[in-house]
Amino acid sequence: MTREADRGWAWMVVLGVTIINLSVLPIQQCYGLIFGKRFTSLGISATQTSLILHLNGTICCSLGLISGPMMKKFSFRKVAFFGSFTVVIGICITAFALSLPTIIVGYCVIIGIGQGINYPATSLALNTYFRKKRNIAMGLCVTLTGLGPILMPLLIVKLLDTYATTGTLLIFAGIAANSFVGACLLRPFVNKDKIKTEDYDMKNTAIVTNENESDIEKYVVECQLLNNQEQIKNQENLEKFFKEAKTKKKRSFFQKISANLDLMLLQDLRYILVVIGMGISLVAETNFNALIPFVLEKISGLEIKEIATIMSIQAAFDIAGRLCVPLLAQKAQWTPRYLYVISLIGSTFGRLILCTWGDNYLVVILVAVIVGIAKGTKAVFQALIIPDYVPLERLPAASGIQMVCNGILSISLGPIIGMVHDLTGSYIGSLHFTSAMSMFCVFLWLFGGLWSPLGNRVKVKKNGDTPNEKCLSENQNESQDIR
């Protein structure tokens, strides 16, 4: 059965990815709310809290190196099944973890591996089934996924009061098991044109093979008839020649690795700037979003029910951002990178307000609105930056390299945010440091010619030519840069 892009089963794939995300992501989205009491009872410091969070992200991203070869060998349905199963097992183990090492094994290692396996499967499924309507599909998927954080904080408070942390996590393991249903909807994509091309190639191969077999049989008969010593010698020389040719075709071990992982992407400076900028800002934003419960408790003095309400308000405006901003961006013809930068500026502005007037409840609600919209915008467009930059056939490798970079930066920079808190004795210093990391991406892309505060069009001088006024975000031009 063949399937076409942008219609038909493609929308069932959106549903499948959404089910997977809604099932396995709450454990990460509500990290601070779920583990707050357990970390306090175990005496886990802010540095260790950040370490747990970013070690999970590092292990998740470290699988990026094998995501490319893995997606070539297995279908995204099989990969999603295995990843979902791993997450469920990890949540069950974490439920009974009562020490830092066991929490690291359950949450960081096992859940991190499951999430790292799931992400490339769902990402490749969406980008394979959608071409022209990719922005709409991604916007719809992340919008539906954002419905979870609206209700989850309130549900978690009720579950914690009734079943404590262990029972709550076991219930979340059951919720995560629903991801198996989503994985069933990720059917492998088969294109009609590809089938026709393969049939044509098979016919040609069969003809050539038959001709070669006929030639070989004819040659053998002639050899038997002539039984000439000189001809036998020529045959030996011919076999030696073919063996030498095959030896020359064999590539070295490192060349094979480079080809499988598509490390030629690292020769593109603009791709490296995109990956580094996104990696550093992702560490900052992930840390802030996960530690919001701790921040609101210490800076604003809120109780757990008030914190859950604030998180639900933020999630509601997160949904609003995912729905409204892509429509505005399409009319204004803004690129994913441009919107991503705006989201970083918005979240930085929200943190600045929180640090200055965080003791006012109305101000905290305003911050939740600003950060929610910025988070929703970032959620939509961060997933489109790499797919818009590289051609589809190089997307698994490009995403894998990005994941590895994110993992390295996460484990390197993430714990520093917790150390800043422990050294200053306040989350205000950590928030300022987080904002500085997010703004680093903005300035890196600004000076690298990847973004302009004046709009989409940036003048770039390439190869000694006159400045090029074309938009840097055009897929065709950017694909040529990588090739």
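A quick yes/no check of all residues on (1) open to solvent by less than 10 Å² (accessible area, probe 1.4 Å); (2) more than 20 Å from I175 (Cα to Cα):
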| site | (1), (2) |
| --- | --- |
| P101 | no, yes |
| Q115 | no, no |
| S123 | no, yes |
| Y129 | yes, yes |
| K132 | no, yes |
| G146 | yes, no |
| P149 | no, no |
| P153 | yes, no |
| L160 | no, no |
Evaluation of G32 against (1) buried (at least 23 other Cβ atoms within 10 Å of the Cβ); (2) under 23 Å from the mean Cα position of the chain (by Cα) (one fails), failing number: (1)
Flag for L42 being over 17 Å from L160 (Cβ atoms), touching a residue at least 24 places away in the same chain (Cβ under 8 Å) and surrounded by fewer than 21 Cβ atoms within 10 Å (Cβ to Cβ): no
Filter result (more than 17 Å from V13 (Cα to Cα), out of contact with any Asp or Glu (no Cβ under 8 Å at 6 or more places or on another chain) and in a helix (DSSP H, G or I)) within the range 118-149: G148
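Just to be sure, is V404 in contact (Cβ under 8 Å) with a residue 12 or more places away in the chain and open to solvent by less than 20 Å² (accessible area, probe 1.4 Å)?
Values: in contact (Cβ under 8 Å) with a residue 12 or more places away in the chain: yes; open to solvent by less than 20 Å² (accessible area, probe 1.4 Å): no.
When the stated conditions are applied, V404 does not pass them.
Restricting to the range 74-85, name every residue that is within 13 Å of V24 (Cβ to Cβ) and open to solvent by less than 20 Å² (accessible area, probe 1.4 Å).
Keep residues of the range 74-85 that are within 13 Å of V24 (Cβ to Cβ), which gives 80-85.
Scanning the range 74-85 gives A80, G83, S84.
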Residue that is farthest from the chain's Cα centre (by Cα), among those in the range 415-456 that are surrounded by fewer than 21 Cβ atoms within 10 Å (Cβ to Cβ) and part of a loop (DSSP other than H, G, I, E, B): G425
Hey, L22 hydrophobic (A, V, I, L, M, F, W, C), within 22 Å of F172 (Cα to Cα) and in contact with a Gly (Cβ under 9 Å, 6 or more places away or on another chain) or not: yes
Residue in the range 380-393 that is open to solvent by 10 Å² or more (accessible area, probe 1.4 Å), closer than 17 Å to V274 by Cβ, of a type outside the set (A, V, I, L, M, F, W, C) and modelled with pLDDT of 85 or more present: yes
Residue in the range 323-335 that is crowded, with 22+ Cβ neighbours inside 10 Å, within 21 Å of the chain's Cα centre (by Cα), under 21 Å from Y31 (Cβ atoms) and not β-branched (V, I, T) present: no
Of residues in the range 355-370 being in contact (Cβ under 8 Å) with a residue 60 or more places away in the chain and assigned to a helix (DSSP H, G or I), the one surrounded by the fewest Cβ atoms within 10 Å (Cβ to Cβ): Y361
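The rows are residues; the columns are (1) modelled with pLDDT under 90; (2) more than 26 Å from V181 (Cβ to Cβ); (3) assigned to a helix (DSSP H, G or I).
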| position | (1), (2), (3) |
| --- | --- |
| M1 | yes, no, no |
| N21 | no, no, yes |
| I44 | yes, yes, no |
| L65 | yes, yes, yes |
| M71 | yes, no, yes |
Total residues in the range 330-348, condition touching a residue at least 12 places away in the same chain (Cβ under 8 Å), under 16 Å from N135 (Cα atoms) and assigned to a helix (DSSP H, G or I): 6
Verdict on L450 being at pLDDT 90 or above and more than 21 Å from Q48 (Cα to Cα): no
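The values are calculated or read from the model by the stated rules, or taken from the named source; none is laboratory data. All figures in this text were calculated on a predicted structure; none of them were measured in a lab. Virtual Cβ from ideal backbone geometry, glycine too; neighbours counted across all protein chains shown. What goes into the accessible areas is simple: the full protein's heavy atoms, side chains included, and nothing from ligands, DNA or RNA. Shrake-Rupley method; radii C 1.70, N 1.55, O 1.52, S 1.80 Å.
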